[in-house]
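Values in this text are rule-based calculations from the coordinates and carry no lab data. For clarity, every value in this text was computed on a predicted model and none was experimentally measured. No Cβ is skipped: glycine too gets one built from the backbone with ideal geometry, and neighbour counts run over all protein chains shown.
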Amino acid sequence: MQKYQTTVARILLASVFLGVVLLKLVAITSQPDGYLHYQMTLGQFGLPLLFAPLLILVQLLGGLALLVGYKTKIAALVLMSLALFLAFVLGRISPDVFFLYLGIAGGMLLLSSHPQTAYSLDNIKK
């Protein structure tokens, strides 16, 4: 039963990052200057313009890796680091966001210590 619980946890944690990317991409493409607006929003948090494509790329690739269970441990550690980074950067503005990203980082840390889940590419016999 535990392997199915960790599978559900892996998929739910992946949906957090994939959902955020999807919402960002919809916001960017729905306006003519959507990408510029996204970059300016990140600039308000003191992040350089380079972070705009990097955040989207890391969240998209990490979320997809978790969703299908490919290199789960590495993906979870990368996304845990990202969640901690976002907690401290975005948490300066909103304490709620700080604690939400801390919780996500905790889930990623737990997933990285138990990466073997059912229905994952990591478990395919070679």
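Each row is one residue, and each column tells you yes or no for (1) farther than 12 Å from Ala9 by Cβ; (2) of a type in the set (Val, Ile, Thr).
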| site | (1), (2) |
| --- | --- |
| Leu77 | yes, no |
| Met80 | yes, no |
| Phe85 | yes, no |
| Phe88 | yes, no |
| Val97 | yes, yes |
| Leu102 | yes, no |
| Pro115 | no, no |
| Tyr119 | yes, no |
| Asn123 | yes, no |
So Leu111, is it free of Cβ contacts under 8 Å to residues at least 60 places away in the same chain, under 20 Å from Ile11 (Cα atoms), of a type outside the set (Ser, Thr, Tyr) and in contact with a Leu (Cβ under 8 Å, 6 or more places away or on another chain): no
Of the criteria (1) among the hydroxyl-bearing types (Ser, Thr, Tyr); (2) under 26 Å from Thr41 (Cα atoms); (3) touching a Gly at 6+ places or on another chain (Cβ under 8 Å), which one Ser94 fails: (3)
Hits in the range 21-64 - residues which are touching a residue at least 40 places away in the same chain (Cβ under 8 Å) and not polar (S, T, N, Q): Val21, Phe45, Gly46, Leu47, Leu60, Gly62, Gly63, Leu64
Residues located in the range 82-98, provided they are without any contact (Cβ under 8 Å) to a residue 12 or more places away in the chain and either in a helix (DSSP H, G or I) or surrounded by 14 or more Cβ atoms within 10 Å (Cβ to Cβ) (or both): Phe85, Phe88, Gly91, Pro95, Asp96, Val97, Phe98
